[in-house]
Structure formats: structure tokens, C-alpha cells
1. Rg/Rh for the range 103-380: what does it come to with C-alpha atoms and Rh from Kirkwood?
2. Applying a 10 Å radius around every beta-carbon, put 145-155, 287-297 in order of their mean neighbour count, most first.
3. So, in nm, how far is label residue 249 from label residue 325 when the simple model puts each one 7 Å beyond its Cα toward the Cβ?
4. Where does each of 255-265, 302-312 land if you order them by average Cβ count within 10 Å, highest first?
5. Given an 8 Å cut-off on Cα distances and at least 6 residues of separation, report the relative contact order of the range 103-380 as a percent.
6. As a test of the definition: which semi-axes, in Å, follow for the range 230-364 when you take the square root of five times each eigenvalue of its alpha carbon gyration tensor? Largest first, please.
7. With contacts defined as alpha carbon pairs under 8 Å and 6 or more residues apart, what's the relative contact order of the range 126-239 in percent?
8. Any chance you could tell me what percent of the C-alpha pair distances in the range 320-370 go past 12 Å?
């Protein structure tokens, strides 16, 4: 009888102890496997391999300086290990962005706590979830807003990209508003026919082809300014200037309109200023030692007055550099960044508005409104 009682007592005490030990063992084994059981994948490129053809800034990266982390994805995109927390909008929740009943006062800057939703000078940074598309569209319809979209399709860029660009724009760009596409090309007879909706139009403007693609990129600033002066200002309040090697994939709507509009570059929106690829040559008028953001010249816009001032200023800088036999690091984009640092944009578009799949998955980027098309620089720029 005593043996039976003793056995029961041992059973009651020992079994729970075994359960606790098993639980702790499972818990520890998970974390041991999680942090030490699997070796960190390493970059498999050889130490003398170049990431990007030519003298690209990424070729200065030392991918082999960190042996404890993966520095390159399978697709060749460079992972960031900056350690910088995401900055937040510092405006109080009752702050009005604009005087009176401006449409941008309808923005909810505090609906997105995972991203920076305003700049230090009070401009909104547009992210999905901050705005009501219906509110913006109704406002711009009532005020009679119309938009000009400029795009350059020179040489092989026309046959490679223009049709997809225009077709996708009809599906997603400023839908419901009057839009005129201004296609600048050296081959007007080759511009594809695209079905246009009500209130949409296409105008073809012949331009001279430059010998180098860099000159095409830079000279577009003068061409846009001339087109605004001669025709766009008489018909449209707003102008957007886009590169042709892109495809619209989701709404790119009236919420993007503003006095002056700039776009955060998808490759640099999380980077510290020291990593921005500004032109740092003191002999160039585009030289910058610091700045606010790195803006992508693939998308910029605003009222016709603002875009005219922007493009004229960039063109003057480009021509001054030419006279001094200097060329900015990223051509018109370098000059655009300098201008936007000195003349702060009234609205900044998040990378949603021009995303590259090479960046990979980013949780905060909930929608891809405009996507980089596949680049064929070896064929297009020869």
C-alpha cells in the first residue's frame, strides 16, 4: 500500500517536471536552430566581378567586407543593412498642410505608421492608404483639371516601349480626367495607333535625334520647356513628364497632382544621404554635398508654370556645364536633384509611383502603380 502511494506521489511530481523540461528543450532548440543551426548565405560572386556595366557607382561597393550577412540577392539586388529606423511625419495630427479648403488637407498622414508621410517642410509623401481616390477625383473634375503627359520615344525606344506605355496609361493614368499625351519622337510615322478614351488625345511632336543617349536625356529639358511655352500652357494646368520605358500597373491618379511634384527613387528611398548618387564634382552646376532625398527623373511634374521653371533651370545648368566641358554624373537627373533641393517640391510621390522589381519585396510598398520595363541598354544605347 505504501509502495503504491509512493509510486503515485512520484508520478504526480515527476510527469509535470518532464513536461516542463520538454517544453524548455523545444523552445531552446528552435532558437538554437534559428540563429546558429543554419549558416548565413554568402555572396557567391567572385571578388573581381562588376555588378553593373561601365563605371556605375554600385561597382564601388565592397560586397566581401561583411562575411556575416548576405549582401546580394539572387536577382543581383544589393541588400541594405543601414540600421536606420524609418523616419516618421513630425507634424501634429491637427496640422493643416495647406491654407483653406485645399484638397491635400483631406490626407491622413497618420494612417501609415510604417513610412514617412511628410517632409520636413510640410509636403506630403504619397502612400497607399493616405488618401481617398474618390475625393481627389471629384475635386479635380469639378475644378476642370486637365493634364499633359510628355514622353520621349527616340530611336529604338519607340518600337520597344511606346505602345505598352500608352496602352497602360489609358487604363491607369488620371482616369476620368482630360489628358493629352505629347509624344516627342524622331519618327512620327512609326508612332503606334492606340485607342483613346473620351477626353483623351495624342499629339506627336517631331524632334531631332541626338548622337548620344545622354544628350537625348539632357536636351529633353529644353524641349519640354519650349512645348509648355508654345502649346501646353494654353490647354492644361498640370504637366507630368515621364520616361517611356515604364508600364502603368495600377492607379496613377489625381492624388499625384500638385504645384511641384517629385518622386522618391526606388533604389534610394531607405538610404542615408551619404549613399545618394548626387553629382559631387565641384566643377558641375549640379554639384551637391547634401540634400533631402534622391529624386528619380523618370517622373516629375506640377503646374505648367512650375515645370517650365524646373526644366528651364536644368537646361541652363546643362548648357553651363557643356561650356565648361563638364557632364553631370546622372545627366538631367543630377540637375533635377539640385533644383529640387533649392526649390522644395510641394508634393513627393513614394516609390509606389515608379517601382523596380529588382528591388524585390518591400512590405511598405503595397501597390506598384508604375513599373520599370525590362531594360535593354546594350541594344538601345548603341
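1. Dividing the radius of gyration by the Kirkwood radius yields 0.94.
2. Result, highest mean Cβ count within 10 Å first: 145-155, 287-297.
3. Reported label-point gap for residue 249 and residue 325 is 4.5 nm.
4. Those peptides, ordered most packed to least, come out 255-265, 302-312.
5. Values: 505 pairs, mean separation 62.7, N = 278.
It rounds to 23 percent for the range 103-380.
6. 24, 21, 12
7. That works out to 32 percent.
8. Considering the range 320-370, 74 percent of its Cα-Cα pairs are separated by more than 12 Å.
No value in this document is a laboratory result; all are computed from the given coordinates. A quick note: this is a predicted structure, and the numbers were derived from the prediction, not measured. Here the Cβ is made from the backbone with ideal geometry for all residues, glycine too, and neighbour counts use every protein chain on show.
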